[in-house]
């Protein structure tokens with residue numbers, strides 16, 4: 001990849017030299033241009049690193065701008081879906097959205113940070129979006145969670161989410177439904193709800209939303225116009241939340 005980028009830089013330099021002045025272009029052939037470029041780069045190798053750093057910076061800026069625009073276009077889907085579990089203050093002045101998978105080890109690592117943010121910030125609202133990308137067991141667990149939300153209500157869904165996220169090992173429908181029984185919920189009703197087109201549609205919508213936002217892994221957090229990927233710890237999330245409040 002780096003060699004390819006360096007090659008592109010060389011061709012760019014050749015293009016500049018040969019198009020900047022038609023008269024000059026006529027007086028110098030391609031071999032001479034390549035020799036000049038090569039000699040200059042060999043004498044000033046640091047320009048390669050500088051150019052690559054600038055290219056990376058521009059790419060990151062362009063990606064951030066594209067994501068910001070995508071977030072703005074998806075505000076309703078991100079913040080106002082009645083299918084999502086809400087932690088913290090439902091009427092909070094700042095919202096953190098988490099795309100997660102019950103079988104994601106990094107999501108489990110981030111769960112205590114999310115819990116701490118809720119405990120320490122009474123004005124924070126957290127939206128939890130099912131993003132089951134780690135296999136069939138993840139899809140099954142997401143269906144159980146959505147069914148709990150639809151059949152048993154918001155409070156039961158919050159409790160189920162916290163308890164299932166604390167569970168170790170591979171999560172699938174059987175283990176998730178076992179937990180619902182421990183909670184005193186109706187396993188049969190939940191199993192029936194899992195098979196409904198409505199539950200399938202919610203998962204499909206979340207996957208499509210994540211794709212439009214350019215999300216490829218879990219956990220992924222959206223706060224304001226920013227996307228934060230990975231289990232980054234509590235402080236970076238808290239800083240991003242505070243930055244939203246300052247705008």
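Computed from the coordinates by the stated procedures, all read-outs in this text should not be read as laboratory data. Owing to the predicted nature of the structure, the values given are computational and were not obtained by experimental measurement. Neighbour counts are summed over all protein chains in view; Cβ atoms, including those assigned to glycine, are modelled from backbone coordinates with ideal geometry.
Points worth noting:
- Treating r as the C-beta distance of residue 82 and residue 120 and R0 as 25 Å, the FRET efficiency rounds to 0.40.
- Within the range 76-246, antiparallel bridges make up roughly 65 percent of the DSSP beta bridges whose residues both belong there.
- Residues 108, 188 in ascending order of nearby Cβ atoms (within 10 Å, fewest first): 188, 108.
- Taking other Cβ atoms within 10 Å as a rough exposure proxy, 143, 247 sort from fewest to most as 247, 143.
- Placing a pseudo-label 7 Å from each Cα along the Cα-to-Cβ vector at residue 58 and residue 30 gives an inter-label distance of 2.4 nm.
- Full extension of the chain between residue 50 and residue 226 yields a length gain of 60.7 nm, computed as 0.36 nm times the residue separation minus the alpha carbon distance.
- Bins of 10 Å, starting at 0 and running to the largest distance - Cα pair percent for the chain: 7, 26, 25, 14, 10, 10, 6, 2, 0
- Modelled spin labels at residue 74 and residue 188, positioned 7 Å past Cα toward Cβ, are 3.9 nm from each other.
- Label-point separation in nm, residue 89 to residue 235, each point 7 Å along Cα→Cβ: 2.5 nm
- For the pair residue 178 and residue 204 in one chain, pulling the backbone fully straight at 0.36 nm per residue adds 6.9 nm over the alpha carbon distance.
- Take every pair of alpha-carbon atoms less than 8 Å apart whose residues are at least six positions apart; their mean separation over the length of the chain yields a relative contact order of 22 percent.
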